[in-house]
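Everything below concerns the one structure shown next.
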Amino acid sequence: MNPGDNAIALIGFMGAGKSAVGRELSRRIGWPRHDTDEMIREQFGISIPDIFTRHGEPAFREAETALLKTLRRGIAGIVVTGGGIILRTENVQLLRGMGRIVWLDAEEGVLWQRVSKHSTRPLLQTPDPRARFAELFRDRVPLYQSAADYRINTNSNSIVKVTDEIIALI
Ligand code: S3P
């Protein structure tokens, strides 16, 4: 496994553990990590919730696609994505062009348990966040399914175990 041979993109719903697993995977295999949320945050100089509030979700989605286009050039490493990256077919094609796509999946209730502990997710700032969560989950699962080369269950909550599974695949 040499950097430059390929890239691994981590996709999945909020709370799937993409950032934590991306960090662990990068540490274990020595590939650089490109976290789209982190990079967009740096680009705007404000938090993701503030980007949504001040610039709107469409500006955030544009930034995601623009970033993937820059990453595509000479990409090597682990691409950690935001949960909504699969909403645009173009994004999925860009990720495919970089390498293999790994879907970190878990049961909806497990994801909600993790996510509801932190209230900063902009898409959940609604009167009924649990219902919104369920709706987004239902709409997105088929998109993750069709984008993914591999699906890994993260119900166990073990970052190390999930990372082991990814390493076994590559
Ligand atoms: C989003 C998920 C977030 C972040 C933004 C939008 C989404 O990332 O990109 O708030 O549409 O599901 P996480 O998946 O890391 O929570």
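Tabulated results
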quantity: Extension gain from D139 to S156, taking 0.36 nm per residue of separation minus the Cα-Cα distance; calculated: 3.8 nm
quantity: I78 long-range amide H proximity, modeled H, under 5 Å; calculated: I8, R33, H34
quantity: For the range 37-49, Karplus couplings with θ = phi - 60° (6.51, -1.76, 1.60), whole Hz, Gly/Pro x; calculated: 4, 4, 5, 5, 4, 5, 4, 7, x, 9, 6, 4, x
quantity: Given the chain, longest segment not containing exposed loop trypsin sites (Lys or Arg not before Pro) (DSSP; at most 15 other Cβ within 10 Å); calculated: 1-72
quantity: The range 86-96 - phi-based ³J(HN,Hα) in whole Hz, Karplus 6.51/-1.76/1.60, Gly and Pro as x; calculated: 7, 5, 10, 4, 4, 5, 5, 5, 5, 5, 4
quantity: Estimated distance in nm for a label pair at R88 and K69, the labels positioned 7 Å out from Cα along Cα-to-Cβ; calculated: 0.8
quantity: Of I85, I159, I11, the one that fluctuates the most in a GNM where the chain has Cα springs shorter than 10 Å; calculated: I159
quantity: Residue with peak Gaussian network fluctuation, the chain [Cα springs, cutoff 10 Å], from G84, G17, G30; calculated: G30
quantity: Mean residue ellipticity (222 nm) of the chain, computed from DSSP H runs ≥ 4 via -39,500 (n - 2.57), nearest 500; calculated: -17000 deg cm²/dmol
quantity: Proximal aspartates and glutamates to K18, defined as alpha-carbon separation beneath 18 angstrom and excluding residues fewer than eight positions away on the same chain; calculated: D35, D37, E38, E64, D105, E107, E108, D149, D164, E165
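Values quoted throughout were computed directly from the atomic coordinates according to the rules given, and no laboratory measurement underlies them. Being a predicted model, the structure only gives us computed values, none of them experimental. Cβ atoms come from the backbone with ideal geometry, glycine included; neighbour counts cover every protein chain shown.
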